[in-house]
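The values are calculated or read from the model by the stated rules, or taken from the named source; none is laboratory data. It should be emphasised that the depicted structure is a prediction, and the values quoted were computed from it without experimental measurement. Here the Cβ is made from the backbone with ideal geometry for all residues, glycine too, and neighbour counts use every protein chain on show.
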Amino acid sequence: MPAADRGFSIRRQDRTLVFRTALFSAERGSVLHSGIYNREMASILVSFAVAGLVAVILSRAYGTMPALSAVFLTVFVAGFLLLRWFVFRERYLEAVFDAEGRTVTVGLHGGVKDRPETIPFGKIERLLIRKKEIGIENPDGVAFVEKISAQHGTVIPGFGEEKVFYVLELSLSEGGSRTLFAGSRAEDALAAYDEIRGFSGLP
């Protein structure tokens with residue numbers, strides 16, 4: 001299976017290995033289905049609201065005018081593109097392992113203030129995989145929502161189920177850790193572990 005299908009990508013350049021993934025958070029997701037409420041939908045909703053507000057302001061100031069529809073469409077399209085590219089961007093984690101310098105630079109990208117951190121191999125105690133389970137916090141609430149959903153003939157995929165993550169992380173000798181990957185399949189975490197450990201030689 002290609003690395004991209006496992007939720008991460010790995011690229012080797014000379015004496016460096018670049019690990020990149022969008023799966024870096026072991027947390028329960030939103031109840032809303034990601035296929036319906038996503039970054040594109042958020043950009044559409046916000047840009048539509050802004051374009052509508054501009055249209056209302058212009059219509060009150062100048063009355064109905066032929067160019068109002070063109071202004072609305074221009075603001076809507078421009079707003080959508082700007083929001084999608086700069087506000088609702090995909091965030092990803094990138095870890096660059098430098099075999100020659102014996103360091104790894106870990107950082108999140110796609111946000112407003114992203115500050116990568118460089119860690120010497122000497123400060124890394126080990127590379128490890130741990131299993132993290134997130135149980136159901138409110139079973140009564142889950143049962144209620146499932147009952148309502150059944151009455152409406154709808155099903156929310158994965159709702160009310162226990163979430164299991166396999167977290168690949170760097171355990172630091174000074175305490176703490178840095179997460180590199182958090183996927184729902186053990187084989188994906190193992191594949192990333194084998195690639196990184198084989199290249200870096202980390203314990």
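Pairs meeting the criteria (first residue in region 170-187 and in a loop (DSSP other than H, G, I, E, B), second residue charged (D, E, K, R), beta carbons under 8 Å, at least 6 apart or on different chains) are S173/K123; S173/E125; E174/K123; S184/K163; R185/R6. Return yes when T179 is under 30 Å from L83 (Cα atoms), modelled with pLDDT of 65 or more and of a type outside the set (D, E) and no when it is not. Considered against the rule, which asks whether it is under 30 Å from L83 (Cα atoms), modelled with pLDDT of 65 or more and of a type outside the set (D, E), T179 comes out as yes.
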